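The values are calculated or read from the model by the stated rules, or taken from the named source; none is laboratory data. These numbers were taken from a predicted model, which means no experiment stands behind them. Counting neighbours? That spans all protein chains shown, and the Cβs are built from the backbone with ideal geometry, glycine included.
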Amino acid sequence: MEQGLRWVNFECRFSPLVGHYSTPIHTMRKTREILRLIWSCNQSRRDTARTCGVGKSTVDATIKRATAAGLSWPLPLALDDEALERCLYPSAINQVSRKLSQPDWQSLHDELAKHKKLTLMLLW
């Protein structure tokens, strides 16, 4: 593997900044290039997507995340790839997780016992 080139693997999760499920699979080098082309060269998002070989939605999501993190160009010299990754993609611990409550199993059992043609699918 080339020095400095590192693939970043993330789990697919809902992003409130982007508004949909996203799986970023591009490198931090490509992320820096996207930010440079948009902020420094004033290149359009469509042209940036074509230049970097990613989708326009990826460029949009990267810019939204960088803006929300308070980043601007030029990026600070102390901001290495790991720090940039932490800024743009905070860990799942920081995100609010939805707790699902357990159904009342006894009442489900009682309803299924009462009605012969009732299924779990109909109860949900």
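Structure data summary
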| item | result |
| --- | --- |
| Sole exception among (1) surrounded by fewer than 15 Cβ atoms within 10 Å (Cβ to Cβ); (2) of a type in the set (Phe, Trp, Tyr); (3) modelled with pLDDT of 85 or more for Trp124, by number | (3) |
| Selection count, the stretch 28-56, where residues are under 18 Å from the mean Cα position of the chain (by Cα) and either in contact (Cβ under 8 Å) with a residue 24 or more places away in the chain or surrounded by 18 or more Cβ atoms within 10 Å (Cβ to Cβ) (or both) | 9 |
| When residues of the stretch 88-108 are limited to those that are in contact with a Leu (Cβ under 9 Å, 6 or more places away or on another chain) and over 19 Å from Ser72 (Cβ atoms), the one modelled with the highest pLDDT | Leu108 |
| Test: residue in the stretch 69-87 that is within 15 Å of the chain's Cα centre (by Cα), modelled with pLDDT under 85 and surrounded by fewer than 10 Cβ atoms within 10 Å (Cβ to Cβ) | no |
